[in-house]
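The values are calculated or read from the model by the stated rules, or taken from the named source; none is laboratory data. Computed from a predicted structure; not experimentally measured. Here Cβ is always computed from backbone atoms with ideal geometry, including for glycine, and neighbour counts include all displayed protein chains. With ligands, DNA and RNA removed, areas are computed over all heavy atoms of the protein, side chains included. Shrake-Rupley method; radii C 1.70, N 1.55, O 1.52, S 1.80 Å.
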Amino acid sequence: MAPPRKKQRASACAQTAFRSTTATAVATRPPPTRRTNKAVTREADTATTSDEVSTRASSRVSPVTKTVKRVMRKGRLEIQLMIYEELDPRDLHHLSRTCKKFRLFFLNRQRTEKLWERTRRNVDLPDRPTFMSEPAFIHLLYTKNCHYCGAQGVHKILHGYFIRLCSLCFKEK
């Protein structure tokens, strides 16, 4: 249990001094407990033993999620790269847009340049232009959004510029 806070210590000292000077016993309240998560306290109210509370609280995260997190933290980089090489470029593109950690990992040119090339070999795709990076080329092929305003459903690629533009942006630009 944590040591009492300043106010609690002062009030406890005053109460003990008061008790020692008077002959009658003063009814004291137990010190306030720390705040806990509301969900855990609700479960504690309905549960009969502390074992049930601990098992319910720990069963919130699925075992698969725990395993995936452990593998991602402790897994070897080479094994992860071998798994990622077997994916389609579209899947790798979606993974790179999942979270910041994946974005930093998959868009790091030094570490994953060959990874994008190997995944592109899994699918018949045209050769990429030399001035575009692999992730930019995959983004151009698989994303159906306007590159300026983000409008959805743009299927036509302007091949001279290697971008997708909706009709409104095309008129403006």
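Going down the table (Lys114/Lys173; Lys144/Lys173; Lys66/Lys101; Lys101/Lys173; Lys101/Lys144; Lys114/Lys171), which pairs top 29 Å between alpha carbons? Could you put the intermediate results ahead of the total?
Details: Lys114/Lys173 35 Å; Lys144/Lys173 19 Å; Lys66/Lys101 17 Å; Lys101/Lys173 34 Å; Lys101/Lys144 24 Å; Lys114/Lys171 38 Å.
With Cα atoms farther than 29 Å apart: Lys114/Lys173; Lys101/Lys173; Lys114/Lys171.
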- Please give, to one decimal in nm, the separation of the simple spin-label points placed at Leu168 and Ala151, each 7 Å out from Cα toward the Cβ. 0.6 nm
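Carbon-plus-sulfur fraction of the accessible area of the range 77-160, 1.4 Å probe, in percent?
Numbers: 3010 of 5870 Å².
It is 51 percent, rounded to a whole number.
Return the loop-located trypsin sites (Lys or Arg not before Pro) in the range 118-167 (DSSP other than H, G, I, E, B) with at most 13 other Cβ atoms within 10 Å of their own Cβ; answer none if there are none.
Working: sites: Arg118, Arg120, Arg121, Lys144, Lys156, Arg164; in loops: Lys144, Lys156.
In loop regions of the range 118-167 (DSSP not H, G, I, E or B), the sparsely surrounded trypsin sites (Lys or Arg not before Pro) are Lys144, Lys156.
Compute the length gained on full extension between Leu158 and Thr33: take 0.36 nm times their separation in residues and subtract their Cα-Cα distance, giving the result in nm to one decimal. Provide the component values of the computation, followed by the final result.
Working: separation 125, 0.36 × 125 = 45.00 nm, distance 6.54 nm.
Value of the extension gain: 38.5 nm.
How much length would be gained if the chain were fully extended between Leu77 and Arg109, taking 0.36 nm per residue of separation minus their Cα-Cα distance, in nm to one decimal? All intermediate terms of the calculation are to be shown ahead of the outcome.
Numbers: separation 32, 0.36 × 32 = 11.52 nm, distance 1.54 nm.
Gain on stretching Leu77 to Arg109: 10.0 nm.
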